[in-house]
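Written below as C-alpha cells is the structure these notes are about.
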Amino acid sequence: MVTSFQESNLTGPSRTHPEQELSRLLTAAVISPQFRRLLLSNPAQAIASGFGGEAFHLQGEEQQQLAAIQASDLADFAMQVSALRIFSVDPQR
C-alpha cells in the first residue's frame with residue numbers, strides 16, 4: 001500500500017488554510033491505522049509527528065483545540081472537530 005502524503009501544491013505549507021490541514025490530518029488517519037491510533041490516543045503527538053514525512057501546518061490555537069479532543073473512534077473525532085469554530089469556512093480568512 002502506498003502511504004505517501006503530500007502537501008497542497010496550490011498554496012504551499014506557509015499559506016495553507018486550517019481546513020486544508022485538517023483534511024490532511026483526517027486523510028492520514030483514514031489511510032493509516034497506526035496514525036489513527038496515535039491521533040485518538042494522543043492528538044498533540046500525532047499533529048507534532050506529522051505523517052509520511054510531512055508536517056501539519058496548524059496554528060497554536062488550532063493545535064490546542066485538536067489536542068484537547070478525546071474520542072473513541074475517528075467518527076467521534078470528526079464530529080468533535082466539526083463543532084470547533086476554528087475550522088468553519090470563513091470568507092474573512
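Consider segment 34-89 and keep the residues that are over 11 Å from the mean Cα position of the chain (by Cα), assigned to a loop (DSSP other than H, G, I, E, B) and hydrophobic (A, V, I, L, M, F, W, C). The one that is farthest from residue 21 (Cα to Cα) is 71.
Under the condition of being surrounded by 13 or more Cβ atoms within 10 Å (Cβ to Cβ) and not in a helix (DSSP H, G or I), which residue from segment 1-33 is modelled with the highest pLDDT? Within segment 1-33, the match that is modelled with the highest pLDDT is 32.
The C-beta contact set for segment 43-63 (first residue crowded, with 18+ Cβ neighbours inside 10 Å, second residue assigned to a helix (DSSP H, G or I) and among the basic types (Lys, Arg), distance under 8 angstrom, 6+ apart or interchain) comprises 51/24; 56/24.
The values are calculated or read from the model by the stated rules, or taken from the named source; none is laboratory data. Quantities reported herein were computed from a predicted structural model and do not represent experimental measurements. For neighbour counting, all protein chains shown are included, and Cβ atoms are generated from backbone atoms with ideal geometry for every residue, glycine included.
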